1. Can you give the charge dipole size of the chain about its Cα centre, rounded to the nearest 20 debye, using +1 on the beta carbon of Lys and Arg and -1 on the beta carbon of Asp and Glu?
2. Among Gln166, Gln100, Gln181, which one moves the most in a GNM of the chain with springs linking Cα atoms closer than 10 Å?
3. Take the Cα of Ala191, step 7 Å along the line toward its Cβ, and report every residue of the range 199-223 whose backbone nitrogen sits under 17 Å from that point.
4. Tell me, what is the FRET efficiency for Asp168 and Ala42 to the nearest 0.05, using R0 = 30 angstrom and their Cβ-Cβ distance as r?
5. Could you put Asp199, Asp39, Asp80, Asp242 in order, starting from the residue whose Cβ has the fewest other Cβ atoms within 10 Å?
6. Pick out which of Phe44, Phe52, Phe188 has the largest mean-square fluctuation in a Gaussian network model of the chain, springs linking Cα atoms closer than 10 Å.
7. Between Asn225 and Gln181, what is the spin-label point distance in nm, taking each point 7 Å from the Cα along the Cα→C-beta axis?
8. Just the Kirkwood number for the chain, please: inverse of mean 1/r across all distinct Cα pairs, in Å, one decimal.
Amino acid sequence: MKLVKLILVLLVIYCPVINAADLPREKRMADEIVDVILDGEAVFLKANNHEFLTIYTEAEEANGVAIILHGRGFHPDWQDTVNPLRVGLTESGWNTLSVQMPVLGKQAKYYDYIPLFPEAAPRIDAAIKYARQQGNKKVVLIAHSCGVHMAMAWIDTWSENKNAQQIDAFVGIGMGATDYQQPMAKPFPFAEITVPMLDVYGENDYPAVLLNAHERIQKMTAAGNDKTSQVSVKGANHYYVDRGGALTKAVSLWLQTL
């Protein structure tokens, strides 16, 4: 583990250009989807002097807002996982704000993304600020795959910034997903999360996600919130292809307990 961390430090020091977010790719994705959004409104927020796309979708009668962080290399209207959640949750009384996270090239792996995690934190802060400004009193953070890693890196800042703890619940989907021979650089800070948590994974998820499911729920429940739970979505893979409805239902049912 010490060797892994040393390698990561060296990557950050000596490969800053390689590990910089691919802003042109992000802009191309935004340009492609803004004009074809069927549900919701494109809203550009700002973090670190960079404007990034979010999609805000309103429910008729809202219980609060679900801020959604997509997985590695995707966008806030990705057809698998993200779009079903951001549209479907409005039908069960939740506004949604789907956020464009930092991206790299298509071939980038987990270790390539680690230096980008700090860039995600200001985007999450900006999303929460915007969501509160819209009158949402309850904020749930929902993250998938690499979005979970980014969210957990943001949660790591809670001990440094007491005002950062502004969410009322957290949903992690496909938590702990990495690439072959690339173990997690740092354990998730479950002990820092005292709000209710939901761990969702697919029946046919990645091996690392499945193998660590029991350990995750043990650590999550140890944080002491009695609404914390875990659910497996039958027939789903890591990306919830053709199972977006089942994923949305699982998340929606849990949100009703808050």
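1. Details: 23 positive and 28 negative charges, 146 e Å.
Roughly 700 debye for the chain.
2. Gln181
3. Only 215-223 pass the distance filter.
4. Numbers: r = 25 Å, r/R0 = 0.85.
With a Förster radius of 30 Å, E is 0.75.
5. Fewest-to-most ranking of Asp199, Asp39, Asp80, Asp242: Asp242, Asp39, Asp80, Asp199.
6. Highest fluctuation of the listed residues: Phe44.
7. In this crude label model, Asn225 to Gln181 measures out at 3.8 nm.
8. Working: mean 1/r = 0.0546 Å⁻¹.
Over the chain, the inverse of the mean reciprocal pair distance is 18.3 Å.
Read-outs throughout are calculated quantities, based only on the coordinates presented, and are distinct from any laboratory measurement. Here the structure is a predicted model, which means the values were calculated and not measured. All Cβ positions, glycine included, derive from the backbone under ideal geometry; neighbour counts span all protein chains shown.
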